[in-house]
Amino acid sequence: MVFLQLLLMLLLILVAAEVFTNALEHLGERLGISEGVTGSIFAAVGTALPETLVPLLAIFSYTSSTGDSHAGHDIGVGAILGAPLMLATLSISLMAFSVLKRRGAHGHIRPERTGLIRDLNFFILAFIFATIAMFIPHTEALVRYGISILMILTYFVYVLMTIKASKGLVEEGHATEAEDIMMLSRLGLPTNMATIVLQLLIGLGLLIAGAKGFINEVETAAAILGVSALLLSLLIIPIATELPEKVNSILWIRKGKDTLAFGNITGAMVFQGTLLPAIGIMLTDWAPRQEVALGILITLLAAIWVRYRIAKGGLLVWHLLVNGLFYLAYLAIVLS
């Protein structure tokens, strides 16, 4: 029954992602904004809500209900760091797998270059801050809180720069365009801002419900398998919480909307690499334990690899498949 319910939650997430992306394309088109803003901010923040809730619930609810702050902090830290790890490695490689047959290993991936570079630069910078914070003693509370505040400000600067670049990108032909009619319009409703927002809320609600249901079933399965709390939060929970980003990006890249597909992933990386680690630094022990330090290292290497390939002239499908190898390497080391 557990695995049947996992399958049903997965199907719900797939349907919800289609509803959400369809409405988001119409919202971006109606507002006249670039694909970069639509993918990196709107889609990324919207679909990041499930994994944003998980560490907060783990740190507060789990601790208060069980009295075990150590376990709550383990799940919280693992969920915070596991999400960027999953996005930078497995999620990016799944995009490549989804177009491997159509484009070939040497086929080109063509996201809008300046936006992708901006996303990766901000993410790498923020994750370096998060790494430094791990080695600052807890007695230096002011320094740790200072780094947290700096990371929060980093995200707001990123949002302002992304929005500022939108007008120029629209003029260059990178405006968000909706290919399919609104799903609610197929039911006879008009396509206007009210119905767009309504469909967005429906899609987002279904995404959150599906992700939460999936997480609950994954936790049940993990308990049956005897997996530790930290390993659960680093490896298993992110698979569930990152499903919306994975599915959205696969849908977009298969339609040839590479900027939206990448922006959804890298925008979520920036969101989860700034705000969530800032919370972790302030509210948990945030120490450089082996699994945590390795996860940060692998995540940074995967992001730097994509940034390097962009600087060398462009992305090919096989370049993104390498990110999947980073994830397999992490699994092999941790599970051994």
Open item on the list: List the lysines whose Cα sits under 18 Å from the Cα of K257, skipping any in the same chain fewer than 8 residues away.
Closed with: K101, K246
Open item on the list: Take L125 and A332, extend 7 Å from each Cα along the Cα→Cβ direction, and tell me the distance between the two endpoints in nm.
Closed with: 3.5
Task: Portion, in percent, of the accessible area of the range 97-164 that falls on carbon or sulfur, probe 1.4 Å - done: 74
TODO: Please state, to two decimals, what the Cα-based radius of gyration of the range 108-160 comes to when divided by 2.2 N^0.38 Å (N = residues).
DONE: 1.43
Task: Estimated FRET transfer efficiency when R0 is 22 angstrom, pair I149-L301 (beta carbons, to 0.05) - done: 0.20
Open item on the list: Just the number please: accessible area per residue for the range 110-198, 1.4 Å probe, all protein chains included, in Å².
Closed with: 58
Open item on the list: Under a crude label model (7 Å from the Cα following the beta-carbon direction), how far is K164 from A311 in nanometres?
Closed with: 2.3
Task: Per-pair calculated FRET efficiency, R0 = 35 Å: T114 and L142 via Cβ, rounded to 0.05 - done: 0.45
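The values are calculated or read from the model by the stated rules, or taken from the named source; none is laboratory data. The structure displayed is predicted, hence computed values, not measured ones. For neighbour counting, all protein chains shown are included, and Cβ atoms are generated from backbone atoms with ideal geometry for every residue, glycine included. Note: areas computed on protein heavy atoms with side chains; ligands, DNA, RNA excluded. Shrake-Rupley method; radii C 1.70, N 1.55, O 1.52, S 1.80 Å.
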